[in-house]
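Quick notes on the structure that follows.
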Amino acid sequence: MKMNGIDISSYQKELDLSKVPCEFVIIKATEGTSYINPYCHGHFSQGESLGKKLGAYHFASGEDVNTEAEFFVSHVKGYIGKAIFALDWEADAVNRGVSWAKQWLDRVYELTGVKPLIYMPNSVVNGYDWSSVANGDYGLWNAGYYAGYQTMGYNPDAPIIGGTGAWSGAAIYQYTSSGQLSGWSGNLDLNVFYGDAAAWDKYAGTEMKQRSEECVLKDSFGDDVRIYTEDTNDGYIYMQNKQTGLYLDVTNGDGSNGTLLQWYEKNETDAQKFKIVRKSHGETDYILFEPKTAPGKYLSVENNGKDGSGKNHLKVWEDLHNNQQKFWMKQAEDGTYLIYHVYSLFCIGVK
């Protein structure tokens, strides 16, 4: 089984995916540490509404590797579980060597739970020792133009020139930049994916993200309690668990007393939006978390966190004016936050 698709950037800003035949589209999201494709989200949203398989890629500039990886992730967090991720490894960045590329891939995997592909021309595939990347289970998106720049339509049986080096095979093959498809007057990069829709979803980590985990207090300082915060642009924040990549969510969007919280795939609904309400008690500042689906109510801990198990569930409850709803929020060195329950000093995490 094979799938035909295209990759695009801002050069195709006016492309209408409803008019161009493709089973998948991979979209440039970022470059270096400052460039964001302003048309990425629009194309992604249209592709999602049309049922296309989706991908997003980062064009490496060879600056600080962790900064580039984190910049990319900060702009594709909403795509986690929905898209294949890829590092575009060409031009000047290639001079930084295999170790830079491997570190970028590792960092993105650490932050998202999704293993990216790496895109490179066939000359680069065969010009370096990529065994560490291949052995790390990062797939290859190979580029080699077997017919030069001759215009053509889709050819899912295009021969891979030069082989695949350290990899036993490619996941995706870009075989021309001179593709001609209906619905677009210019040239397009044409690609073949060597798999079906289910295989694509595995590369995207879709199966991993379509689940929920219990939200509890834990006596722990690992990734299971480290939380990334993300502005929603309407006065609220999302909270994403570092270990799972899942988001804090009011179960079923219900804000009635006793409603439990869970960690769930990002869906950008009000059930995942929380307002930080800052208060003070004597000389100690603390915060309450108000769910958007439950105005005037706050996150609350079962039994005031007193049973000593570190497994107390979080729920929604009306303002109790007591320690059950009070938290401290401390930023960690890795950019995450540790959110402590004031009474017990346990952190919000995954059971």
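The values are calculated or read from the model by the stated rules, or taken from the named source; none is laboratory data. No experiment lies behind these values; they were computed from the predicted model shown. Here the Cβ positions follow ideal geometry from the backbone for every residue, glycine too, while neighbour counts run over all protein chains shown. Surface accessibility is based on the protein's heavy atoms, side chains included, excluding ligands, DNA and RNA. Shrake-Rupley method; radii C 1.70, N 1.55, O 1.52, S 1.80 Å.
Could you state the accessible area per residue of the chain in Å², with a 1.4 Å probe and every protein chain left in place?
Details: 14850 Å² over 351 residues.
I get 42 Å² per residue for the chain.
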Counting only residues 5 or more places away or on other chains, whose amide H sits under 5 Å from the amide H of S220 once H atoms are built in the peptide plane?
C347
Of K28, K115, K292, which has the largest mean-square fluctuation in a 10 Å C-alpha GNM of the chain?
K292
Lys, Arg +1 and Asp, Glu -1 on Cβ, resulting dipole of segment 136-214 about Cα centre, debye, nearest 20:
240
H313 and E268 label points (each 7 Å along its Cα→Cβ direction) are spaced in nm at 3.0
Restricting to lysines and to Cα separations under 16 Å from K82, and discarding same-chain partners fewer than 8 apart, the set is K28, K52, K53, K115, K202, K209, K266
Between N135 and D223, what is the label-to-label distance in nm when each label sits 7 Å out along the Cα-to-Cβ direction?
2.1
Relative to the longest principal Cα axis of the chain, at what angle does helix 65-76 sit, 0 to 90 degrees, rounded to 10?
80
Please report the spacing between the Cα centers of segment 39-98 and segment 150-206 in Å, no decimals.
17
Where Lys and Arg each count +1 and Asp and Glu each count -1, what net charge lies around W167 among other residues with Cβ under 13 Å from its Cβ?
-2
Please check: in the Gaussian network model of the chain (C-alpha springs, under 10 Å), which one of D223, D334, D88 has the largest mean-square fluctuation.
D334
Calculating mean projected area of the Cα convex hull in nm² from this structure picks out, from (i) 18.7; (ii) 20.7; (iii) 17.8, entry (i)
CD proxy, 222 nm, the chain: helix-only mean residue ellipticity via -39,500 (n - 2.57) per DSSP H run with n ≥ 4, per residue, nearest 500, stands at -4500 deg cm²/dmol
Counting only protein heavy atoms with a 1.4 Å probe and every protein chain in place, the carbon and sulfur fraction of the accessible surface of the chain in whole percent equals 44
Dipole of the chain (Lys/Arg Cβ +1, Asp/Glu Cβ -1, origin at the Cα centre): which of Y175, Y340, L117 lies farthest to the positive side?
Y340
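Give me the dipole magnitude in Debye, nearest 20, for segment 62-117 about the Cα centre, with unit charges on the beta carbon: positive for Lys and Arg, negative for Asp and Glu.
Working: 6 positive and 9 negative charges, 66 e Å.
So the magnitude is around 320 debye.
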For segment 8-67, the Cα-Cα pair-distance distribution in 10 Å bins from 0, as whole percents, is 23, 50, 21, 7
Quick one: net charge around L50, please, counting Lys, Arg +1 and Asp, Glu -1 for every other residue with C-beta under 15 Å from its C-beta.
+1
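How would H75, H43 rank on accessible area, largest to smallest, probe 1.4 Å?
H75, H43
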